[in-house]
Amino acid sequence: MTHRPSQPRTDSPRYLTEERLAIRDLARDFAMTKVLPVANELDPVQGTIPDSLKKEMAEIGFFGIMIPEEHGGLGLGVFEYCLVAEELSRSWMSVSGLLARGNGMGGGFTPEQEAALLPKVARGEYLGAYALSEAEAGSDVANISCRAVRDGDDWVVNGTKMWCTYADEADYLVLFARTDPNKDPAKPHRGISAFLVEKERGVFPEGISGTKVRKIGYFGWSTWELSFDDFRIPADTMLGEEGKGFYLAVSGLEVGRAHTAARAIGLARAALEDSIEYVHTRRQFGRPIGDFQHLRFKIAKMAADIEAARQLMYSVATDIDTGRRCSLEASMCKLVATEMAEQVTSEAVQIHGGAGYTTDFQVERHWRDARLTKIFEGTSEIQMRIISDELLGRPESV
């Protein structure tokens with residue numbers, strides 16, 4: 001009797017209701033039939049995600065997963081958001097990153113802005129990008145130096161921003177700038193404000209110029225260094241209270257880290273599935289390489305590590321949706337999933353041998369993109385700092 005190989009289970013009955021399974025399966029079908037062919041065509045040539053794919057995502061409702069139904073969204077939670085993110089990332093992490101250009105970008109909106117803008121977000125017509133980090137303020141975002149100075153009814157902004165992915169194609173930017181010139185060295189996060197910068201899709205407004213960052217992965221869209229040169233913005237575009245922008249910036253970290261964990265898990269799963277297929281078809285010494293014990297054990301370890309990270313992500317997403325504060329667990333989830341993803345995708349390249357180091361197979365893309373997950377949304381070192389401070393208390397000042 002011939003044994004029929006099976007794929008690892010991804011239908012944990014503890015968390016996945018029939019409704020969630022339906023959402024996951026919808027996202028999975030879309031990812032494999034719509035996203036994957038586009039990724040395989042465009043990633044090798046650093047092409048841009050086509051507008052037609054974004055339109056299809058919008059029609060399904062992917063940009064409004066967490067937007068309330070009264071504002072045109074699906075009214076679902078972080079759990080469903082992460083389910084979809086894993087599936088899209090399995091095909092192309094850049095497309096799963098697009099989810100965040102809609103979901104979760106409305107922080108700081110007034111009720112009036114929510115009523116006017118969120119329906120457009122849900123339809124994919126009003127997608128945003130963050131202008132937060134700087135060359136000298138990455139993990140240390142409280143140290144930003146980009147300045148906004150009040151001039152009558154306007155603020156005048158000067159300075160630079162880094163790592164602004166999708167800034168060109170976005171319909172608006174959330175810009176963070178220091179509005180209080182008297183930075184307190186002991187509390188540098190005070191005096192930072194946030195602004196809603198509306199713009200035409202595809203161009204930068206007068207006073208903003210951009211230089212593309214030369215990346216080794218995360219293709220499909222551009223990441224920018226932005227320069228603000230006497231850029232004027234009306235005072236009524238400030239989001240939230242003056243000087244309280246830092247709190248807006250960090251308010252979505254739990255969701256962002258769960259989302260990044262989901263993306264990392266999707267990448268790792270792609271590497272695993274590609275490897276399982278490869279070891280069944282690649283033959284050496286007269287038999288499939290999947291017969292060799294050391295490769296079988298690699299596959300087993302990869303699958304176990306992915307599932308462990310997934311269950312942690314499910315737990316954290318559930319906690320967020322129930323309103324339980326879980327910044328510690330979110331950091332653990334992000335750390336575990338992203339470190340795992342780099343290891344699993346690296347093993348996939350090894351399993352593919354020399355072929356894995358070519359662009360003829362998708363594992364090199366999974367590997368390149370997985371490496372980034374350890375950096376954005378807080379580096380692995382930042383996550384370990386958060387976790388250790390929670391468990392041990394903060395170290396004494398030197």
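The values are calculated or read from the model by the stated rules, or taken from the named source; none is laboratory data. On a predicted model such as this, the values are computed, not experimentally measured, just so you know. All Cβ positions, even for glycine, are placed from backbone atoms using ideal geometry, and neighbour counts span all protein chains on display. The protein model used for the area step is the full one, side chains on, heavy atoms only, and it has no ligands, DNA or RNA in it. Shrake-Rupley method; radii C 1.70, N 1.55, O 1.52, S 1.80 Å.
Specify which of the listed residues (Thr345, Thr318, Thr358) is over 24 Å from Ser94 (Cβ atoms), out of contact with any strand residue (DSSP E or B) (no Cβ under 9 Å at 6 or more places or on another chain) and β-branched (Val, Ile, Thr).
Thr318
Among the residues of the stretch 337-355, are any within 24 Å of Val250 (Cα to Cα) and either of a type in the set (A, V, I, L, M, F, W, C) or crowded, with 21+ Cβ neighbours inside 10 Å (or both)?
yes
Consider Trp163 against the criteria (1) open to solvent by 60 Å² or more (accessible area, probe 1.4 Å); (2) assigned to a loop (DSSP other than H, G, I, E, B); (3) within 24 Å of Met105 (Cβ to Cβ): it satisfies all of them except one. Which criterion is unmet?
Unmet for Trp163, out of (1) open to solvent by 60 Å² or more (accessible area, probe 1.4 Å); (2) assigned to a loop (DSSP other than H, G, I, E, B); (3) within 24 Å of Met105 (Cβ to Cβ): (2).
Restricting attention to the stretch 281-293, does a residue exist that is of a type in the set (A, V, I, L, M, F, W, C), assigned to a helix (DSSP H, G or I) and under 30 Å from Glu134 (Cβ atoms)?
no
In the stretch 359-395, how many residues are under 30 Å from His280 (Cβ atoms) and at pLDDT below 95?
2
Only one residue in Gly245, Gly207, Gly191, Gly240 is of a type outside the set (Ser, Thr, Tyr), open to solvent by 40 Å² or more (accessible area, probe 1.4 Å) and within 20 Å of Ala148 (Cα to Cα). Which one?
Result: Gly240 is the single residue among Gly245, Gly207, Gly191, Gly240 that is of a type outside the set (Ser, Thr, Tyr), open to solvent by 40 Å² or more (accessible area, probe 1.4 Å) and within 20 Å of Ala148 (Cα to Cα).
Looking only at residues in the stretch 194-204 that are open to solvent by less than 30 Å² (accessible area, probe 1.4 Å) and not small (Gly, Ala, Ser), which one is farthest from Val141 (Cα to Cα)?
Lys199
For the stretch 249-264, does any single residue satisfy the condition of being open to solvent by 40 Å² or more (accessible area, probe 1.4 Å), more than 20 Å from Gly104 (Cα to Cα) and not in a helix (DSSP H, G or I)?
Within the stretch 249-264, not a single residue is open to solvent by 40 Å² or more (accessible area, probe 1.4 Å), more than 20 Å from Gly104 (Cα to Cα) and not in a helix (DSSP H, G or I).
Taking the stretch 210-220 only, how many residues are in contact with a Phe, Trp or Tyr (Cβ under 8 Å, 6 or more places away or on another chain) and open to solvent by less than 20 Å² (accessible area, probe 1.4 Å)?
Residues of the stretch 210-220 in contact with a Phe, Trp or Tyr (Cβ under 8 Å, 6 or more places away or on another chain): 210-213, 220.
Pick out the ones that are also open to solvent by less than 20 Å² (accessible area, probe 1.4 Å) and you get 220.
The qualifying residues number 1.
Look at the stretch 106-149 and say how many of its residues are open to solvent by 60 Å² or more (accessible area, probe 1.4 Å), closer than 30 Å to Met384 by Cα and either polar (S, T, N, Q) or assigned to a loop (DSSP other than H, G, I, E, B) (or both).
5
Give the stretch 200-223 a look and list any residue that's among the β-branched types (Val, Ile, Thr) and either in contact with a helix residue (DSSP H, G or I) (Cβ under 9 Å, 6 or more places away or on another chain) or without any contact (Cβ under 8 Å) to a residue 12 or more places away in the chain (or both), or say none. First the steps, then the outcome.
Step one: of the stretch 200-223, the residues among the β-branched types (Val, Ile, Thr) are 203, 208, 211, 213, 216, 223.
The answer is Ile216, and nothing else.
For the stretch 89-105, does any single residue satisfy the condition of being farther than 23 Å from Asp168 by Cα and within 16 Å of the chain's Cα centre (by Cα)?
yes
Among (1) surrounded by fewer than 21 Cβ atoms within 10 Å (Cβ to Cβ); (2) in contact (Cβ under 8 Å) with a residue 24 or more places away in the chain, where does Phe30 come up short?
It fails just one condition, (1).
Considering only the stretch 146-169, state which residues are under 30 Å from the mean Cα position of the chain (by Cα) and either on the phi > 0 side of the Ramachandran plot or of a type in the set (Gly, Ala, Ser) (or both).
Ala148, Gly159, Trp163, Tyr166, Ala167
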